[in-house]
Amino acid sequence: MNLDYLFDAAHWEFGTSGSIPQLLLSHLWYVVLALAIGTVIALPIGLYIGHTGRGSFIAINAGNAGRSLPTLGLLMLMVTLLGLGLLPVLIALTVLVIPPILTSAYAGLRSLDQRVVDAARGVGMRPWQVLTRVELPMALPVLMSGFRSAALQVVATATVAAAVGLGGLGRLLIDGLAVNDYSRVLAGAIVVAVLAVLLDLVLAFAQRWIVSPGLRVSR
Amino acid sequence: MITFDDVVKVYPGGGTAVDHVSLELPTGKTTVFVGPSGCGKTTSLRMINRMISPTSGRVLIDGQDVAGQDEALLRRGIGYVIQHAGLFPHRTVLDNVATVPVLLGKTRREARAAALELLERVGLAPEFAKRYPAQLSGGQQQRVGVARALAADPPVMLMDEPFSAVDPVVREQLHREFLRLQQDLGKTIAMVTHDIDEAIKLGDVVVIFRQGGVVAQVGTPQELLADPADEFVAEFVGRDRGLRSLSFDTAAELPVLPVPAELVLDEAGRPVGWRTGADDVRPTGGTFTSADTLRLVADLAILSPVGIAVRVDGDGKADGITPHHDLADYLAARRG
């Protein structure tokens with residue numbers, strides 16, 4: 001096992017089909033899609049449950065159930081039901097993304113100082129304004145940590161796309177194993193790991209930027 | 001004027017928080033709700049801005065039932081100050097104060113300019129504007145809370161234990177500023193406290209609640225101290241209410257005797273102490289002016305090594321003395 005595959009310039013040619021940059025891009029595309037769809041589904045539900053306090057058992061159980069579902073098994077089931085293609089992969093990855101986002105949205109709102117929420121209502125904010133102007137900004141640190149953990153999980157797990165014939169960095173792993181090219185497997189593992197670290201850095205930076213400094217400062 | 005018309009609040013599960021309360025809170029005055037915990041004072045306050053709805057009865061502001069009004073619009077027209085201030089931690093001090101004007105449709109720029117002026121009004125320097133609530137002390141946060149409530153210049157203010165989360169020294173300071181501010185602004189204020197001394201100090205009218213959400217007595221602080229309706233009120237206002245009621249009168253009409261030779265003065269005529277022996281001069285323990293309260297005079301007479309309170313003029317020069325028996329005679333004559 002060595003790093004020859006990773007450092008071979010030919011594998012970094014963007015034009016070549018199946019090159020590392022191309023696989024990286026398709027990998028990122030699955031990640032972004034799954035995160036976007038997952039957020040669109042999980043965030044409103046989590047915020048609703050956290051804001052109203054209704055149905056908190058859903059937030060807790062969805063979190064646990066989602067975590068215990070094996071993504072590869074779910075993917076195979078979806079392929080059996082829907083056939084090959086991007087859709088089964090996205091469903092499997094989205095199911096992975098929903099629990100941390102839903103749970104953190106719920107927990108973020110629940111953990112807020114209720115006196116501040118009371119003050120927001122008391123000065124005359126409507127329920128929607130209380131949510132968007134007070135609860136959501138205050139819950140952002142918790143929400144972002146949920147989103148970051150979802151992103152990390154999906155970056156690692158999006159490799160399963162290759163198992164059902166799609167692209168992504170999983171190709172390096174699956175194809176490498178198939179032809180006993182461990183240098184290629186190692187290259188795939190390293191690129192996935194680096195991508196995960198970089199993405200988390202970007203999100204950490206985004207978090208600093210969107211979270212109010214007032215929630216970070218201490219006297 | 002805020003009117004409580006036979007208001008009842010029963011919580012599901014059976015507890016009666018407020019039991020047939022009828023009250024009138026005069027316009028431009030501070031009315032303080034005071035009582036032991038669980039007496040319904042906070043529930044009553046929160047029914048004024050519909051944070052809680054009454055089970056039966058009506059709450060009216062200037063004759064208009066609050067139940068018929070849009071919740072959010074009603075609340076924007078009523079200042080709201082709560083314990084621990086309840087500031088928005090993610091917003092700067094300035095944006096906290098600008099909250100209600102922005103809700104009312106002012107541009108952020110206009111609202112901030114007005115907010116800056118308000119900060120000064122509640123005794124905060126402009127450099128606090130850009131800070132976040134977590135960077136302020138409890139007393140400073142409470143000032144911001146008051147500024148936020150005042151920002152839209154509402155005629156009515158609700159204050160729920162506004163000064164209970166700060167230490168006694170800061171509380172004393174906030175009390176003074178509250179009284180000064182209220183003298184300027186003349187808002188119709190409803191305030192909740194569990195501290196009877198605070199109620200007597202700040203209230204024009206004091207409403208004493210007892211357990212079960214019943215009003216025990218309504219009156220001016222003087223009336224409550226001089227003439228408690230029953231044993232509960234007497235107990236609640238405290239044992240030394242006779243002495244405390246002296247706080248409401250100044251020493252302007254208290255007769256004084258000429259300054260005797262035993263009172264040692266400095267070159268400027270200011271009292272230094274009492275000569276009690278050839279080489280023995282003991283400090284007076286303090287002085288009063290004719291603008292001070294009779295309570296202070298009584299206190300000084302007790303503290304004094306010779307049982308005599310010393311009066312000074314505006315320059316601090318001793319201009320008369322009152323021995324404690326003269327004070328007692330004066331109080332006795334006043335009663336007659």
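Considering segment A:117-160 alone, what residues qualify as being open to solvent by less than 20 Å² (accessible area, probe 1.4 Å), under 30 Å from A:Thr71 (Cβ atoms) and among the β-branched types (Val, Ile, Thr)?
Once the filter is applied, which keeps residues that are open to solvent by less than 20 Å² (accessible area, probe 1.4 Å), under 30 Å from A:Thr71 (Cβ atoms) and among the β-branched types (Val, Ile, Thr), segment A:117-160 yields A:Val154, A:Val155.
Identify all residues within segment A:106-163 that are at the interface with chain B (Cβ under 10 Å from one of its Cβ atoms) and outside any helix (DSSP H, G or I); write none if there are none.
Selection gives A:Leu112, A:Asp113, A:Val123, A:Gly124, A:Met125, A:Arg126.
Using the structure shown, decide if B:Leu294 is under 27 Å from B:Ser245 (Cβ atoms), within 28 Å of the chain's Cα centre (by Cα) and surrounded by 15 or more Cβ atoms within 10 Å (Cβ to Cβ).
Criteria met by B:Leu294.
Would you check if B:Thr43 is farther than 23 Å from A:Glu135 by Cβ, away from every other protein chain (no Cβ under 14 Å) and touching a strand residue (DSSP E or B) at 6+ places or on another chain (Cβ under 7 Å)?
So B:Thr43 does not fit the description; no.
Taking segment A:64-76 as the region of interest, how many residues are surrounded by 15 or more Cβ atoms within 10 Å (Cβ to Cβ) and either within 26 Å of A:Trp128 (Cβ to Cβ) or aliphatic (A, V, I, L, M) (or both)?
3
How many residues does segment B:181-232 hold that are over 22 Å from B:Asp6 (Cβ atoms), of a type in the set (A, V, I, L, M, F, W, C) and either open to solvent by less than 10 Å² (accessible area, probe 1.4 Å) or in contact with an Asp or Glu (Cβ under 6 Å, 6 or more places away or on another chain) (or both)?
6
Do you know which of the residues in segment B:233-246 that are touching a residue at least 40 places away in the same chain (Cβ under 8 Å) and in contact with a Leu (Cβ under 8 Å, 6 or more places away or on another chain) is surrounded by the most Cβ atoms within 10 Å (Cβ to Cβ)?
B:Val237
Being away from chain A (no Cβ under 14 Å), over 28 Å from B:Asp227 (Cα atoms), without any contact (Cβ under 8 Å) to a residue 60 or more places away in the chain and outside any helix (DSSP H, G or I), is that true of even one residue in segment B:182-204?
Scanning segment B:182-204, I find no residue that is away from chain A (no Cβ under 14 Å), over 28 Å from B:Asp227 (Cα atoms), without any contact (Cβ under 8 Å) to a residue 60 or more places away in the chain and outside any helix (DSSP H, G or I), so the answer is no.
From the list A:Leu172, A:Leu186, exactly one residue is more than 14 Å from chain B (Cβ to nearest Cβ), in contact (Cβ under 8 Å) with a residue 12 or more places away in the chain and open to solvent by 30 Å² or more (accessible area, probe 1.4 Å). Which is it?
A:Leu186
Taking segment B:52-88 as the search range and keeping residues that are touching a helix residue (DSSP H, G or I) at 6+ places or on another chain (Cβ under 8 Å) and open to solvent by 20 Å² or more (accessible area, probe 1.4 Å), which one is farthest from the other protein chains (Cβ to nearest Cβ)?
B:Arg58
Here are some conditions: (1) in contact (Cβ under 8 Å) with a residue 40 or more places away in the chain; (2) buried (at least 21 other Cβ atoms within 10 Å of the Cβ). A:Ala163 meets all but one. Which one does it not meet?
(2)
Residue by residue through segment B:231-279, note down the ones that are closer than 18 Å to B:Ile308 by Cβ and basic (Lys, Arg).
Of everything in segment B:231-279, those that are closer than 18 Å to B:Ile308 by Cβ and basic (Lys, Arg) turn out to be B:Arg270, B:Arg275.
B:Val144 - would you say it is aliphatic (A, V, I, L, M), touching a helix residue (DSSP H, G or I) at 6+ places or on another chain (Cβ under 7 Å) and open to solvent by less than 20 Å² (accessible area, probe 1.4 Å)?
yes
The values are calculated or read from the model by the stated rules, or taken from the named source; none is laboratory data. Bear in mind that the values here come from a model prediction, so they are computed numbers and not experimental data. Don't worry about glycine lacking a Cβ; one is built from the backbone with ideal geometry, like all the others, and counts go over all protein chains shown. Remember, those area values only see protein heavy atoms, side chains included, never the ligands or the DNA or RNA. Shrake-Rupley method; radii C 1.70, N 1.55, O 1.52, S 1.80 Å.
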